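I have placed the structure first, in the form of structure tokens, so that the comments after it can refer back to it.
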Amino acid sequence: MSDLEIEITDGVMIATFNRPEKLNALNNNIRVGLRNALAEASQNDEIKVLVLTGTGRAFCAGAEVTREKSPTSNGVTTGELNSRYDRMNIRAGSSETVQAFAACDVPIIGAINGVTAGAGFGISLCCDIRFFSEQTRIGSIFSKRGLASDYGAAYWLPRLVGPAKAFEMLYSGELISAEEALQIGLTNKIFPSESLLSETLSFAKNLATGAPMALTAIRRLVLESTDTVERNLFLDREWSIQAQLLKSNDSKEGFQSFLDNRPPEFTGT
Amino acid sequence: MSDLEIEITDGVMIATFNRPEKLNALNNNIRVGLRNALAEASQNDEIKVLVLTGTGRAFCAGAEVTREKSPTSNGVTTGELNSRYDRMNIRAGSSETVQAFAACDVPIIGAINGVTAGAGFGISLCCDIRFFSEQTRIGSIFSKRGLASDYGAAYWLPRLVGPAKAFEMLYSGELISAEEALQIGLTNKIFPSESLLSETLSFAKNLATGAPMALTAIRRLVLESTDTVERNLFLDREWSIQAQLLKSNDSKEGFQSFLDNRPPEFTGT
Amino acid sequence: MSDLEIEITDGVMIATFNRPEKLNALNNNIRVGLRNALAEASQNDEIKVLVLTGTGRAFCAGAEVTREKSPTSNGVTTGELNSRYDRMNIRAGSSETVQAFAACDVPIIGAINGVTAGAGFGISLCCDIRFFSEQTRIGSIFSKRGLASDYGAAYWLPRLVGPAKAFEMLYSGELISAEEALQIGLTNKIFPSESLLSETLSFAKNLATGAPMALTAIRRLVLESTDTVERNLFLDREWSIQAQLLKSNDSKEGFQSFLDNRPPEFTGT
């Protein structure tokens, strides 16, 4: 068993944090596995959607904390900085992983199955869509440890819940319930624990029957729109992409199947 | 009867999509009429507010799709690209229309009366305020046709409902109900179908009694604030505009009428 | 009694608008006092959190309006522009005060105790977290006076409630109730009037036991994240700050106290 289990089924790659006895604490295996999975999902045409989830009662409770090793979210410890790359690595696991999420070219759905905190909090926010179980509890924790934020939490949280709720969650560090998360828009939907994964996979497999280039285009556009691009440039870009897709086989099939009143069969071309 | 009916009453220009048998599908008449209406509303001092709505059971179901013509949201078809303007026109109807909305100098209120999809979805999001009827159903549709987004939907949707709900709506392409739209902030208020237009006009006519330069200034400021301007520059700009308005006759009248405990009579000067 | 009362207790600076007979209308004493308080809170290590509130039935009803003096939100009147600084001062009280809020290095909690309008509206939006009383009524008012926006209202409002609700509030100028404000995310929580201040202070004093550098880092990050910084730069910055905090005494204490299962004792080092 790997610390990050990978399974591919019906066009959906399922990446599962698999250290339940450690509440799926982030270690180097998971970090490297996650970046590989994100790259694979982009490059392998068989993968249309990526689902991220965890085994056991946690999604991911953060980076590992032990008495032996000073805790760092990227696992770097003093004394290992023996290369220029390490000494200049202000990105570390945190920034590089968030960039890998941003660069991924398929929809990313989080089945956030339980406790989510610290680095796990940031990673959950990097998903495009988050489904929670009724038992999910989520928060930053970092302020309680004398820390601020990593894995993009301070980037995504204000965009998802607005600055006022973002301040409240980050300052306090407290975990909130699934119900509170729904109120402020931190989860798209709550499912009973026992059906969270099956409901998420059902949603993901349905998306995976969609037109692959359209899904990729939508992901790129929303990520750009939520970053700093100016409206006039963005609108030209939005139309350029739409115009390109209008020439695709899948767009022709989309309209033809609509006129024929039958399900489309998309090919990704 | 025109495909886009224009009526001006009590300071409110009402632009009505008027192809009910086609679910108000966007054609070139509507596109050109809409841009003319937006320009006219900015330049004609008699127009204080613009209301956009549709006849029949749809607001606008998108661009027209026929077996004869390959569907494009801007009506351009292969073979017509016989000028440099056409060949280089990466903006097409989509980007140019959204820019025309952004450049308009009066408040724009959408009375979103029914089915809203495709290009109609983007256009509805270009309105400043959206009132829905109980029967309104709204969504992108595009992913179902192998397409991504146009008419600014990918620009405005994440700003209105946050990136997570934006991803969900754009990936799935599904229409949602008025009630769901209210939950996520996609509509300001829902009215019964039979009173939607009268309630919208009542709101619009009340706004139209306001100080015209103040309304224009507010529209410009919120559009800039939701784009990419930096805080320090924006704040100087906000005050510059406020300082200019403080010297206006309407500001003097606003304060004088307040002190006199009578309704103000604004002149737009 | 000062127009802006300052009290420091248990690491919390409480700044209270104290002109209840004028509904705490903004005058020059308050403006200068507020900027001094914001600077003091940043520089004095004893202050961990700033609470802003008002005496009486208003939080702040705006800038003072009298028959004798033409009203301006920054108190500048014609004839006083006898220096280059005054003539070129496009920032005035408005922009400079909002910048002072943004530059402050401690969490700012508003106990928004009653009527909040005009300049008071903008100032309330400059707080990181807003607790309302059941009697709070809040809105811009400006459009009713022929004005647009100041004190950053047009910057913060779309970020807090989205552009559609921001347009509605700014165009109409109407005050909304605490309950409506909660629906759209303009307040973090509503308390009964009689317990608003004690609940706010309880929240603030709890925050004040936190790690001071972490709170400062969180405030800086969220403010940057809601401004125009690009994702890739922001993520490097987020990690740089986190990496710096990981070397702090408070971070070590945070993890050690967690492992020891005891409350942390932070020192701000």
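All of the numbers you see were taken from the coordinates with simple rules; none came from a lab. Owing to the predicted nature of the structure, the values given are computational and were not obtained by experimental measurement. Note that each Cβ is placed from the backbone with ideal geometry, even for glycine, and that neighbours are counted across all protein chains shown.
Here are the numbers for this structure:
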item: Tilt relative to chain C, helix C:231-246 - C-alpha long axis, 0 to 90 degrees, to 10; result: 50 degrees
item: Length-normalised contact order of chain A in % [C-alpha pairs under 8 Å, at least 6 apart]; result: 16 percent
item: Segment A:186-238, Cα convex hull volume normalised per residue, Å³; result: 90 Å³
item: Orientation-averaged projected area, Cα convex hull of segment C:150-202 (nm²); result: 4.4 nm²
item: Degrees, to the nearest 10: C:193-208 long Cα axis against longest axis of chain C; result: 40 degrees
item: Gain on full stretching of the segment that runs from residue C:233 to residue C:32 - 0.36 nm per residue minus C-alpha separation; result: 68.9 nm
item: Where only C-alpha atoms are counted, convex hull volume of segment C:144-245 per residue in Å³; result: 135 Å³
item: Estimated translational D of segment A:95-143 in µm²/s (Stokes, Kirkwood radius over Cα pairs; 37 °C; 0.692 mPa s); result: 289 µm²/s
item: Amide H contacts of residue A:176 (H built 1.01 Å from N, under 5 Å, at least 5 apart or other chain); result: A:138, A:139
item: Point-charge dipole on Cβ atoms (K/R +1, D/E -1) for the protein assembly as shown, about Cα centre, debye to 20; result: 720 debye
item: Computed FRET value (nearest 0.05) for residue C:256 with residue B:174, which takes r as the C-beta separation and R₀ as 51 Å; result: 0.50
item: Peptide A:247-257 - average C-beta neighbours from other chains (10 Å radius); result: 4
item: Globularity index of the protein assembly as shown, i.e. its alpha-carbon radius of gyration over 2.2 N^0.38 Å; result: 0.96
item: Distance-filtered residues of segment B:1-20 - backbone nitrogen under 20 Å, label point 7 angstrom along residue B:46 Cα→Cβ; result: B:2, B:4-16
item: Rel. contact order, % - alpha carbon contacts under 8 angstrom, at least six apart, segment C:196-269; result: 36 percent
item: Packing rank of A:122-133, A:15-26, B:227-238, where each peptide gets the mean count of other beta carbons within 10 Å, highest leading; result: A:122-133, A:15-26, B:227-238
item: Whether segment A:109-183 is rounded, prolate or oblate, judged on the alpha carbon gyration tensor where a/c under 1.5 counts as rounded; result: rounded
item: Local net charge near residue C:137, Cβ-Cβ under 11 Å (Lys/Arg +1, Asp/Glu -1); result: -3
item: Relative pair counts by distance (%), Cα atoms of chain A, 10 Å bins; result: 7, 28, 34, 21, 8, 2, 0
item: Residue among C:214, A:173, C:160 farthest towards the positive dipole end of the protein assembly as shown, charges placed on Cβ; result: C:214
item: Magnitude of the charge dipole, chain A, Cβ model with Lys/Arg +1 and Asp/Glu -1, debye to 20; result: 640 debye
item: Number of partner chain Cβ atoms within 10 Å, mean per residue of A:182-189; result: 3
item: Rg(Cα) / (2.2 N^0.38 Å) computed for segment C:199-269, rounded to two decimals; result: 1.28
item: Residue C:206/residue C:1 FRET efficiency (R0 25 Å; Cβ-Cβ; nearest 0.05); result: 0.30
item: Listed pairs B:22/B:48; B:252/C:165; C:144/C:165; C:144/C:189; A:252/B:22 exceeding 24 Å between Cα atoms; result: B:22/B:48; B:252/C:165; C:144/C:189
